[in-house]
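What follows is a set of notes on a single structure, which appears directly below.
The values are calculated or read from the model by the stated rules, or taken from the named source; none is laboratory data. Computed from a predicted model, the values in this text were never measured in an experiment. Positions of Cβ are backbone-derived with ideal geometry, glycine not excepted, and every protein chain shown enters the neighbour counts. Only protein heavy atoms, including side chains, enter the accessible area calculation; ligands, DNA and RNA are left aside. Shrake-Rupley method; radii C 1.70, N 1.55, O 1.52, S 1.80 Å.
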Amino acid sequence: MILTVTPNPALDVTYRVPRLVPGGVVKADRVYRRAGGKGVNVARVLHSLGVPTLAVLPVGGSDGRAVVEELDSSGLAYQTVEVAGPTRRTVTVVSTADSTETLVSEPGEPPSDVEWAALLDVVRGRIGEASVLVSSGSLPPGAPVDAHAQLLALAAEHGVPSVLDTSGEPLLAGLAGRPAVVKPNADELRQVIGSDEPLRAMEMLRDAGAGAVVASFGARGMMARCADGTWLATPSRSLTGNATGAGDAAVAGIAEALAGGTPDWPGLLRRVVALSASAVLGPLAGDIDHAYLEAELPAVTVEEIG
Ligand SMILES: O=P(O)(O)OC[C@@]1(O)O[C@H](CO)[C@@H](O)[C@@H]1O
(Lines give C-alpha, C1' and ligand atoms only; values in the text may rest on other atoms or scores of the structure.)
Protein backbone atom coordinates (compact mmCIF):
# COMPACT_ATOMS: atom_id res chain seq x y z
CA MET A 1 0.00 0.00 0.00
CA ILE A 2 0.90 3.66 -0.29
CA LEU A 3 1.20 5.27 3.12
CA THR A 4 0.33 8.96 3.34
CA VAL A 5 1.13 11.09 6.39
CA THR A 6 -0.65 14.36 7.07
CA PRO A 7 1.02 16.04 10.06
CA ASN A 8 -1.52 18.92 10.02
CA PRO A 9 -4.87 17.51 8.83
CA ALA A 10 -8.09 19.52 8.73
CA LEU A 11 -11.81 19.30 8.63
CA ASP A 12 -12.19 20.79 5.15
CA VAL A 13 -15.33 22.88 4.88
CA THR A 14 -16.34 23.89 1.36
CA TYR A 15 -19.03 26.49 0.66
CA ARG A 16 -20.38 26.80 -2.87
CA VAL A 17 -21.76 30.34 -3.32
CA PRO A 18 -23.27 32.07 -6.37
CA ARG A 19 -20.72 34.91 -6.13
CA LEU A 20 -18.24 35.88 -3.40
CA VAL A 21 -18.59 39.55 -2.50
CA PRO A 22 -15.72 40.81 -0.29
CA GLY A 23 -17.22 42.82 2.55
CA GLY A 24 -20.71 41.54 1.69
CA VAL A 25 -23.00 38.77 2.89
CA VAL A 26 -23.48 35.70 0.78
CA LYS A 27 -25.57 32.58 1.29
CA ALA A 28 -24.07 29.18 0.45
CA ASP A 29 -26.05 26.93 -1.94
CA ARG A 30 -24.07 23.89 -0.82
CA VAL A 31 -21.95 23.07 2.23
CA TYR A 32 -19.57 20.11 2.39
CA ARG A 33 -17.53 18.90 5.37
CA ARG A 34 -14.95 16.21 4.93
CA ALA A 35 -11.62 14.95 6.23
CA GLY A 36 -8.84 16.90 4.57
CA GLY A 37 -5.26 17.93 4.62
CA LYS A 38 -3.02 17.16 1.67
CA GLY A 39 -2.03 13.57 2.58
CA VAL A 40 -5.66 12.62 3.23
CA ASN A 41 -6.61 13.99 -0.20
CA VAL A 42 -3.78 12.01 -1.82
CA ALA A 43 -5.05 8.82 -0.13
CA ARG A 44 -8.60 9.60 -1.26
CA VAL A 45 -7.55 9.97 -4.91
CA LEU A 46 -5.50 6.76 -4.78
CA HIS A 47 -8.39 4.90 -3.11
CA SER A 48 -10.75 6.04 -5.89
CA LEU A 49 -8.22 4.67 -8.43
CA GLY A 50 -8.27 1.30 -6.66
CA VAL A 51 -4.76 1.68 -5.18
CA PRO A 52 -4.46 0.37 -1.58
CA THR A 53 -3.54 3.18 0.82
CA LEU A 54 -3.20 3.97 4.48
CA ALA A 55 -3.72 7.57 5.67
CA VAL A 56 -1.92 8.38 8.94
CA LEU A 57 -2.94 11.53 10.77
CA PRO A 58 -3.32 13.07 14.24
CA VAL A 59 -6.87 13.99 15.34
CA GLY A 60 -8.20 15.95 18.30
CA GLY A 61 -11.39 17.53 19.64
CA SER A 62 -14.86 17.49 18.11
CA ASP A 63 -13.63 18.35 14.61
CA GLY A 64 -11.15 15.48 14.95
CA ARG A 65 -14.13 13.20 15.67
CA ALA A 66 -15.91 14.60 12.61
CA VAL A 67 -12.79 13.78 10.55
CA VAL A 68 -12.81 10.18 11.83
CA GLU A 69 -16.55 9.76 11.16
CA GLU A 70 -16.14 11.01 7.62
CA LEU A 71 -13.15 8.72 7.04
CA ASP A 72 -15.25 5.80 8.27
CA SER A 73 -18.03 6.59 5.84
CA SER A 74 -15.62 7.13 2.93
CA GLY A 75 -14.07 3.67 3.27
CA LEU A 76 -10.49 5.01 3.37
CA ALA A 77 -8.02 2.95 5.42
CA TYR A 78 -6.57 5.19 8.11
CA GLN A 79 -4.72 5.17 11.41
CA THR A 80 -4.98 8.10 13.79
CA VAL A 81 -3.04 9.38 16.76
CA GLU A 82 -5.18 11.08 19.42
CA VAL A 83 -3.88 14.54 20.27
CA ALA A 84 -5.03 17.12 22.82
CA GLY A 85 -5.23 20.10 20.43
CA PRO A 86 -8.37 20.31 18.31
CA THR A 87 -8.09 19.45 14.62
CA ARG A 88 -8.10 22.67 12.57
CA ARG A 89 -10.53 23.66 9.84
CA THR A 90 -9.94 24.98 6.37
CA VAL A 91 -12.71 26.84 4.58
CA THR A 92 -12.86 26.97 0.78
CA VAL A 93 -15.41 29.27 -0.82
CA VAL A 94 -16.10 28.30 -4.42
CA SER A 95 -17.77 31.12 -6.31
CA THR A 96 -19.69 29.66 -9.25
CA ALA A 97 -20.19 32.91 -11.19
CA ASP A 98 -16.49 33.58 -11.72
CA SER A 99 -15.08 30.10 -10.97
CA THR A 100 -12.72 31.21 -8.23
CA GLU A 101 -11.79 29.49 -4.98
CA THR A 102 -10.88 31.39 -1.83
CA LEU A 103 -9.22 29.32 0.88
CA VAL A 104 -8.96 30.29 4.54
CA SER A 105 -6.67 27.93 6.40
CA GLU A 106 -6.34 27.70 10.18
CA PRO A 107 -2.75 27.10 11.37
CA GLY A 108 -3.46 24.06 13.57
CA GLU A 109 -2.45 23.32 17.16
CA PRO A 110 1.08 22.52 18.37
CA PRO A 111 1.65 18.82 19.02
CA SER A 112 3.40 17.86 22.26
CA ASP A 113 6.71 15.99 21.99
CA VAL A 114 4.90 12.82 23.10
CA GLU A 115 2.21 13.26 20.42
CA TRP A 116 4.79 13.85 17.70
CA ALA A 117 6.74 10.76 18.83
CA ALA A 118 3.48 8.76 18.73
CA LEU A 119 2.87 9.79 15.10
CA LEU A 120 6.41 8.71 14.19
CA ASP A 121 5.78 5.39 15.99
CA VAL A 122 2.67 4.71 13.92
CA VAL A 123 4.60 5.32 10.70
CA ARG A 124 7.54 3.22 11.99
CA GLY A 125 5.10 0.38 12.71
CA ARG A 126 3.45 0.41 9.27
CA ILE A 127 6.21 1.49 6.87
CA GLY A 128 7.28 -2.13 6.30
CA GLU A 129 3.97 -2.71 4.47
CA ALA A 130 4.36 0.35 2.24
CA SER A 131 5.65 0.63 -1.32
CA VAL A 132 5.81 4.46 -1.13
CA LEU A 133 5.55 7.06 1.64
CA VAL A 134 3.86 10.40 0.92
CA SER A 135 4.46 13.19 3.42
CA SER A 136 2.23 16.11 2.61
CA GLY A 137 1.10 19.52 3.71
CA SER A 138 1.98 22.20 6.21
CA LEU A 139 3.25 21.54 9.71
CA PRO A 140 1.31 22.66 12.76
CA PRO A 141 2.98 25.49 14.69
CA GLY A 142 5.56 24.13 17.10
CA ALA A 143 6.17 20.90 15.18
CA PRO A 144 9.86 20.23 14.47
CA VAL A 145 10.79 22.08 11.27
CA ASP A 146 12.44 18.87 10.01
CA ALA A 147 9.26 16.86 10.71
CA HIS A 148 8.96 15.72 7.10
CA ALA A 149 12.64 14.73 7.04
CA GLN A 150 12.07 12.58 10.15
CA LEU A 151 9.15 10.82 8.43
CA LEU A 152 11.09 10.35 5.19
CA ALA A 153 14.03 8.91 7.14
CA LEU A 154 11.76 6.12 8.44
CA ALA A 155 10.92 5.25 4.84
CA ALA A 156 14.56 5.38 3.77
CA GLU A 157 15.50 2.92 6.55
CA HIS A 158 13.18 0.41 4.85
CA GLY A 159 14.26 1.26 1.30
CA VAL A 160 10.82 2.82 0.66
CA PRO A 161 10.83 5.79 -1.77
CA SER A 162 9.07 8.93 -0.62
CA VAL A 163 7.24 11.92 -2.06
CA LEU A 164 7.32 15.27 -0.28
CA ASP A 165 4.75 18.02 -0.86
CA THR A 166 5.13 21.02 1.40
CA SER A 167 6.46 24.57 1.24
CA GLY A 168 8.80 27.10 2.82
CA GLU A 169 11.13 26.04 5.63
CA PRO A 170 9.52 22.59 6.06
CA LEU A 171 10.25 21.91 2.37
CA LEU A 172 13.89 22.95 2.62
CA ALA A 173 14.37 21.06 5.90
CA GLY A 174 12.48 18.05 4.48
CA LEU A 175 15.05 17.62 1.71
CA ALA A 176 17.42 16.15 4.30
CA GLY A 177 15.12 13.08 4.18
CA ARG A 178 16.16 12.64 0.51
CA PRO A 179 12.70 12.34 -1.08
CA ALA A 180 12.55 10.50 -4.41
CA VAL A 181 10.28 13.30 -5.66
CA VAL A 182 9.20 16.73 -4.40
CA LYS A 183 6.17 18.52 -5.87
CA PRO A 184 6.34 22.28 -5.48
CA ASN A 185 4.01 24.70 -7.28
CA ALA A 186 5.11 27.91 -9.00
CA ASP A 187 4.79 30.02 -5.80
CA GLU A 188 6.74 27.50 -3.76
CA LEU A 189 9.51 27.47 -6.39
CA ARG A 190 9.65 31.28 -6.26
CA GLN A 191 10.04 31.11 -2.46
CA VAL A 192 12.98 28.72 -2.86
CA ILE A 193 15.22 31.17 -4.73
CA GLY A 194 13.35 34.47 -4.33
CA SER A 195 12.92 34.94 -8.10
CA ASP A 196 10.85 33.56 -10.95
CA GLU A 197 13.32 31.05 -12.41
CA PRO A 198 11.58 27.71 -12.10
CA LEU A 199 14.28 25.55 -13.69
CA ARG A 200 16.97 27.04 -11.47
CA ALA A 201 14.79 26.50 -8.38
CA MET A 202 14.10 22.91 -9.41
CA GLU A 203 17.81 22.28 -9.84
CA MET A 204 18.46 23.79 -6.41
CA LEU A 205 15.94 21.41 -4.83
CA ARG A 206 17.71 18.49 -6.52
CA ASP A 207 21.11 19.70 -5.33
CA ALA A 208 19.72 19.89 -1.79
CA GLY A 209 18.49 16.29 -1.74
CA ALA A 210 15.45 15.67 -3.97
CA GLY A 211 15.87 12.85 -6.52
CA ALA A 212 13.42 14.50 -8.91
CA VAL A 213 11.21 17.57 -8.94
CA VAL A 214 7.72 17.59 -10.44
CA ALA A 215 6.48 21.18 -10.41
CA SER A 216 2.93 22.32 -11.08
CA PHE A 217 2.08 25.55 -12.91
CA GLY A 218 -1.73 25.46 -12.77
CA ALA A 219 -3.42 25.50 -16.17
CA ARG A 220 0.01 25.82 -17.87
CA GLY A 221 0.83 22.23 -16.92
CA MET A 222 3.69 20.56 -15.10
CA MET A 223 7.44 20.13 -15.45
CA ALA A 224 9.56 17.19 -14.32
CA ARG A 225 13.31 17.44 -13.81
CA CYS A 226 15.47 14.49 -12.81
CA ALA A 227 18.86 12.98 -13.63
CA ASP A 228 17.46 11.65 -16.95
CA GLY A 229 16.18 14.97 -18.31
CA THR A 230 13.50 17.66 -18.15
CA TRP A 231 9.97 17.42 -19.57
CA LEU A 232 7.03 19.78 -19.85
CA ALA A 233 3.48 18.46 -20.05
CA THR A 234 0.54 20.67 -20.99
CA PRO A 235 -3.15 19.87 -20.57
CA SER A 236 -5.40 19.98 -23.62
CA ARG A 237 -7.44 22.92 -22.27
CA SER A 238 -7.86 25.03 -19.15
CA LEU A 239 -10.85 24.14 -17.04
CA THR A 240 -13.12 25.85 -14.58
CA GLY A 241 -14.21 24.11 -11.41
CA ASN A 242 -12.52 23.70 -8.02
CA ALA A 243 -8.72 23.61 -8.28
CA THR A 244 -8.29 22.97 -4.54
CA GLY A 245 -6.70 19.54 -4.32
CA ALA A 246 -5.44 19.45 -7.93
CA GLY A 247 -1.87 19.27 -6.59
CA ASP A 248 -2.84 16.37 -4.31
CA ALA A 249 -4.17 14.44 -7.32
CA ALA A 250 -0.78 15.03 -8.98
CA VAL A 251 1.01 13.70 -5.90
CA ALA A 252 -1.24 10.63 -5.99
CA GLY A 253 -0.12 10.03 -9.60
CA ILE A 254 3.55 10.43 -8.66
CA ALA A 255 3.20 7.97 -5.75
CA GLU A 256 1.33 5.48 -7.96
CA ALA A 257 4.14 5.63 -10.54
CA LEU A 258 6.89 5.22 -7.91
CA ALA A 259 5.07 2.19 -6.49
CA GLY A 260 5.55 0.56 -9.90
CA GLY A 261 9.35 0.95 -9.76
CA THR A 262 11.55 3.36 -11.71
CA PRO A 263 9.14 5.77 -13.41
CA ASP A 264 8.87 6.41 -17.13
CA TRP A 265 9.05 10.20 -16.65
CA PRO A 266 7.17 11.38 -19.74
CA GLY A 267 4.44 8.82 -18.97
CA LEU A 268 4.32 9.87 -15.33
CA LEU A 269 4.02 13.52 -16.30
CA ARG A 270 1.20 12.82 -18.77
CA ARG A 271 -0.76 11.00 -16.07
CA VAL A 272 -0.21 13.57 -13.32
CA VAL A 273 -1.31 16.41 -15.61
CA ALA A 274 -4.46 14.47 -16.54
CA LEU A 275 -5.08 13.64 -12.87
CA SER A 276 -4.70 17.30 -11.86
CA ALA A 277 -7.11 18.39 -14.58
CA SER A 278 -9.64 15.74 -13.58
CA ALA A 279 -9.40 17.00 -9.98
CA VAL A 280 -10.48 20.50 -11.06
CA LEU A 281 -13.74 18.92 -12.24
CA GLY A 282 -14.23 17.05 -8.95
CA PRO A 283 -16.44 19.12 -6.63
CA LEU A 284 -14.16 18.75 -3.60
CA ALA A 285 -10.45 18.36 -2.85
CA GLY A 286 -9.71 14.63 -3.08
CA ASP A 287 -12.27 14.01 -5.85
CA ILE A 288 -11.42 13.35 -9.48
CA ASP A 289 -13.61 13.02 -12.56
CA HIS A 290 -12.70 9.52 -13.80
CA ALA A 291 -14.30 9.91 -17.24
CA TYR A 292 -12.36 13.14 -17.83
CA LEU A 293 -9.14 11.46 -16.67
CA GLU A 294 -9.48 8.77 -19.36
CA ALA A 295 -10.39 11.32 -22.05
CA GLU A 296 -7.57 13.72 -21.13
CA LEU A 297 -4.76 11.15 -20.89
CA PRO A 298 -4.13 10.88 -24.67
CA ALA A 299 -4.73 14.63 -25.14
CA VAL A 300 -1.92 15.85 -22.84
CA THR A 301 1.14 17.14 -24.75
CA VAL A 302 4.53 16.04 -23.40
CA GLU A 303 7.80 17.45 -24.71
CA GLU A 304 11.41 17.11 -23.61
CA ILE A 305 13.00 20.49 -22.96
CA GLY A 306 16.58 21.55 -22.33
O1 LIG B 1 -2.39 23.97 5.05
P2 LIG B 1 -1.86 22.85 4.17
O3 LIG B 1 -1.52 21.64 4.97
O4 LIG B 1 -0.74 23.30 3.28
O5 LIG B 1 -3.01 22.49 3.16
C6 LIG B 1 -4.23 22.01 3.62
C7 LIG B 1 -5.24 22.14 2.53
O8 LIG B 1 -5.65 23.48 2.37
O9 LIG B 1 -4.75 21.70 1.29
C10 LIG B 1 -5.71 20.87 0.66
C11 LIG B 1 -5.69 21.12 -0.79
O12 LIG B 1 -4.43 20.78 -1.31
C13 LIG B 1 -6.99 21.10 1.40
O14 LIG B 1 -7.89 20.04 1.28
C15 LIG B 1 -6.38 21.16 2.75
O16 LIG B 1 -7.12 21.31 3.83
Query raised in the report: Of the heavy-atom accessible surface of the stretch 2-304 (probe 1.4 angstrom), what whole percent is carbon and sulfur?
Result: 52 percent
Query raised in the report: Using a 1.4 angstrom probe with every protein chain in place, what is the largest-first accessible-area order of E82, E197, E169?
Result: E82, E169, E197
Query raised in the report: Between A28 and A77, how many nm apart are label points set 7 Å from Cα along the C-beta direction?
Result: 3.2 nm
Query - Accessible-area value, D187, 1.4 Å probe, nucleic acids and ligands omitted, Å² - result: 90 Å²
Report task. Please compute the net charge surrounding A28, taking Lys and Arg as +1 and Asp and Glu as -1 over other residues with Cβ under 14 Å from its Cβ. Result -> +3
Report task. Among L205, V300, G174, pick out the residue whose Cα is farthest towards the positive end of the charge dipole of the stretch 2-304, where Lys and Arg carry +1 and Asp and Glu carry -1 on C-beta, about the Cα centre. Result -> V300
Requested in this report: For V160, V25, write out the residues from largest to smallest accessible area, computed with a 1.4 angstrom probe and no ligands counted.
Outcome: V25, V160
Query raised in the report: In whole percent, what relative contact order does the stretch 2-304 give with Cα contacts below 8 Å and a gap of six or more residues?
Result: 16 percent
Query raised in the report: What are the residues whose amide H is under 5 Å from the amide H of Q79, where those residues sit 5 or more places off or on another chain and H is modelled from the backbone?
Result: A55, V56, L57
Query - Check: the stretch 2-304 dipole with +1 on Lys, Arg Cβ and -1 on Asp, Glu Cβ, in debye - result: 500 debye
Report summary line: Expected unfolding gain across D113-S195 under the 0.36 nm per residue rule, minus the alpha-carbon gap, is 25.9 nm
**Report entry** Per residue solvent-accessible surface (Å²) - the stretch 2-304, probe of 1.4 Å
**Finding:** 41 Å²
Query raised in the report: So for R126, R33, what's the accessible-area order with a 1.4 Å probe, most first?
Result: R33, R126
Query raised in the report: How much accessible surface does H290 have with a 1.4 Å probe, in Å² rounded to 10?
Result: 80 Å²
Query raised in the report: In the chain, which helices (entire DSSP H runs) extend 18 Å or more along their own long axis, judged by Cα positions, while averaging at least -0.5 on the Kyte-Doolittle scale?
Result: 113-126, 246-259, 265-280
Query raised in the report: Along the principal axes of its C-alpha atoms, what lengths does the stretch 2-304 span, in descending order and rounded to whole Å?
Result: 49, 47, 39
Query - Whole-Hz couplings from phi, Karplus 6.51/-1.76/1.60, listed for the stretch 159-175; x for Gly and Pro - result: x, 9, x, 10, 10, 10, 9, 8, 9, x, 4, x, 5, 4, 5, x, 5
